[in-house]
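The values are calculated or read from the model by the stated rules, or taken from the named source; none is laboratory data. Since we're looking at a predicted model, the values are computed, not measured. We place every Cβ from the backbone using ideal geometry, glycine too, and count neighbours over all the protein chains shown.
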Amino acid sequence: MKIMLSAGEASGDLHGESLAKAIHNIDPQIELSGFGGPKMAAAGVRLQADMREYSVMGVWEVLKNIRRIFALLGKLEAFMKRERPDLLVLIDYPDFNWRLAAKAKALGIPVFSYIPPSAWAWRKGRAKKCAKLADELVSIFPFELPVYEAAGANISFQGNPLIDTVKASMTAEEARSFFGLEPGKEAVMLLPGSRKQEISMLLPAMLEAAVLLKQDRPELEFYLPVATGIDRTRLESMVSEYAVEVHFTEEKTYDLMNISSFALATSGTVVMEAAIMGLPCVALYRMASLNYAIGKMLVKIESFTLPNILAGRKVQQELLQDEVTGQKVFEAARRFYAEAGYKQQVMAGLQEAVAKLGAPGAAGRVAQRIVEAARLYGSNSTLEVRE
């Protein structure tokens, strides 16, 4: 059996790694190939292209790289024609992956979508298109199902894989020793994202806030995990422009979350990971003005971070676009230690949100559905009927 996976971002690479391991636990003989990153490759996926060479965000950035992106699409289409996988598994990365899905469908190759587009938030019409292209879809959030079900999609919620992967590997005492956090000191995490554009737009405000926080509370120590594929020297250069010491780390991030007091974080998967670890955040997001103007017209949601969406209310503070300034980030973060009961209130809300992510074992359940889909939809008899 041949299964092709396609993921184009760091979070997708992580999900792809978990799926690949779970699929091989079911059947080690299944051949896995496709588009992804180093984690997928290490888990046994034979990469036809490395996502790190194609990671861009925003309308303008995509336009500048459109020729390379379409060349990648053509390369993967040629691979599907040649190898005839039994199933194509899309992992998030919607703008590219659903173009690839259309190519697969035209070739008679079944499509399985894991983490489908956020049609619940904007462009609800995408749900109908996805329902036509994908033989099966699995969401990682329960609130995504209604719009797809209304569009006639074969969709289910199998739980969220972060519940299995996000956990500490050391005791708090061991972690404090590992990270050199001295008695009486408090750790604060700076989480500027894994994309160059995010870092450029958000890290300066985080560092400005860190300077103010350090002046206000000298016992704070700042830590910045370096995401896979990010140039550490660039981060060090940016940090050197601010009068605050920042400790760079490259491993044991969940252990660091476990001993930190709070975080300044770019909105994304990391904010959900922090919630699972019980770490409250000030969540930030900025984008290019053109992208924001387009998004503001299309997206109609009350919150933009996952814990708040799951809880159905703003359990922790979000700062968007022009609100992302050093002073406002400082004021929002200061509440965690200066406002009585605030941090405990936020943490209770995060627990409520995390409880909605489902039971452990999501990756195994999704892998089982992928293998069953490959057997069902990818059989010769099924393909003959489709043709």
Evaluate the stretch 124-141: report whether one residue or more is farther than 29 Å from Gly36 by Cβ and either assigned by TED's automatic domain parsing to the domain that holds Ile309 or not charged (D, E, K, R) (or both). no
Sole residue being closer than 14 Å to Leu284 by Cβ, modelled with pLDDT of 95 or more and under 21 Å from the mean Cα position of the chain (by Cα), chosen from Met201, Met206: Met206
Tell me yes or no: at least one residue of the stretch 308-329 is closer than 26 Å to Phe112 by Cα, surrounded by 17 or more Cβ atoms within 10 Å (Cβ to Cβ) and not acidic (Asp, Glu). yes
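For the stretch 150-267, which fully contained strands (runs of 3 or more DSSP E) count at least 2 residues that are assigned by TED's automatic domain parsing to the domain that holds Ala22?
Fully inside the stretch 150-267 and qualifying: 155-157.
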Hey, Leu181 at pLDDT 95 or above and farther than 25 Å from Thr253 by Cβ or not: no
Going through (1) at pLDDT 95 or above; (2) in a helix (DSSP H, G or I); (3) buried (at least 17 other Cβ atoms within 10 Å of the Cβ) one by one, Lys132 fails only at (3)
Which ones in the stretch 257-267 are at pLDDT 95 or above and out of contact with any helix residue (DSSP H, G or I) (no Cβ under 7 Å at 6 or more places or on another chain)? Ser260
Which fully enclosed helices (runs of 4 or more DSSP H) of the stretch 276-387 have 2 or more residues being modelled with pLDDT of 95 or more and closer than 30 Å to Lys2 by Cβ? 362-377
